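The values are calculated or read from the model by the stated rules, or taken from the named source; none is laboratory data. Given the structure is predicted, the values throughout are model-derived calculations rather than measurements. Note that we place each Cβ from the backbone using ideal geometry, even for glycine, and neighbour counts take in every protein chain shown.
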Amino acid sequence: MRRRIRQSFGLSPESLRTLRALNTPMRIQKFIDALTYQYADTAWSPQRVLRERKGHCMEGALLAAAALRVNGHPPLLMDLEAVHDDDHVVALYRERSLWGGIAKSNFAGLRFRTPVYRTLRELALSYFEHYYNLRGERTLRTYSRAINLSQLDGCHWMTAEEDVWCVPERLIEARHYPLISHKTARALPRLDRRSLEAGMHGWVKH
């Protein structure tokens with residue numbers, strides 16, 4: 001059950017107002033969808049993303065986790081690990097004991113998930129068919145346990161002006177679980193052209 005949170009978490013009044021207004025998962029998703037997608041080797045805090053109005057997948061997930069937190073949810077992330085492709089980060093939320101996800105991505109199918117998944121494995125598998133590289137290879141292989149970012153408050157992940165590398169480091173260190181066997185992975189067919197192009201609707205080039 002959600003708790004009413006009135007803490008500021010060190011956020012500026014403007015940032016806090018913005019995040020509190022994002023009081024449903026769908027509102028959070030719509031907000032991070034509207035952020036300019038940036039290709040950069042950065043790890044901006046949610047407060048900096050709010051100021052710059054741009055970010056990549058991890059930064060979008062961090063902002064989503066911050067919005068969930070100020071509205072009474074725990075700030076949880078899950079890492080999706082791929083081969084021959086970038087990893088993907090999803091902010092997690094639960095309703096009626098079921099998992100949902102919020103994420104920013106260049107690929108249409110790697111974003112929002114309604115809370116209908118009984119386990120994190122089920123949620124992670126829902127991304128499998130949509131997770132592919134530009135060669136049409138299905139690349140998702142593992143998913144992490146849920147990472148509670150409140151454990152990283154010491155590095156000021158919500159507000160820091162410098163990059164918050166503590167977050168991706170924790171995601172990399174987290175225990176990951178395989179989604180498919182090596183034998184299954186070797187037999188995966190490439191995605192058909194129509195599905196590949198559909199998933200790239202709205203894709204932002206470098």
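Observations
- For the range 1-44, a residue qualifies if it is in a loop (DSSP other than H, G, I, E, B), at pLDDT 95 or above and under 19 Å from Phe107 (Cβ atoms), and exactly one does: Leu35.
- When the range 124-152 is filtered for residues that are under 13 Å from the mean Cα position of the chain (by Cα) and not polar (S, T, N, Q), the ones remaining, listed by number, are Ala124, Tyr127, Tyr143, Ala146, Ile147, Leu149.
- Of the residues making up the range 96-112, those that are surrounded by fewer than 20 Cβ atoms within 10 Å (Cβ to Cβ) and free of Cβ contacts under 8 Å to residues at least 60 places away in the same chain are Arg96, Ser97, Leu98.
- Filtered residues of the range 95-113 (kept if in a loop (DSSP other than H, G, I, E, B) and out of contact with any helix residue (DSSP H, G or I) (no Cβ under 7 Å at 6 or more places or on another chain)): Arg96, Ser97, Asn106
- Within the range 197-206, the presence of a residue that is surrounded by 14 or more Cβ atoms within 10 Å (Cβ to Cβ) and without any contact (Cβ under 8 Å) to a residue 60 or more places away in the chain is excluded.
- Cross-chain or 6+ apart pairs with Cβ under 7 Å, the range 1-18 first and closer than 20 Å to Pro74 by Cβ, then in a loop (DSSP other than H, G, I, E, B) and modelled with pLDDT under 95: Leu16/Ser8
- Within the span defined as the range 56-67, every residue fails to be part of a helix (DSSP H, G or I) and without any contact (Cβ under 8 Å) to a residue 12 or more places away in the chain.
Let's see how each residue does on (1) assigned to a loop (DSSP other than H, G, I, E, B); (2) charged (D, E, K, R); (3) more than 30 Å from Thr36 (Cβ to Cβ):
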residue	(1), (2), (3)
Val167	no, no, no
Ile172	no, no, no
Pro189	yes, no, yes
Arg194	no, yes, no
Trp203	yes, no, no
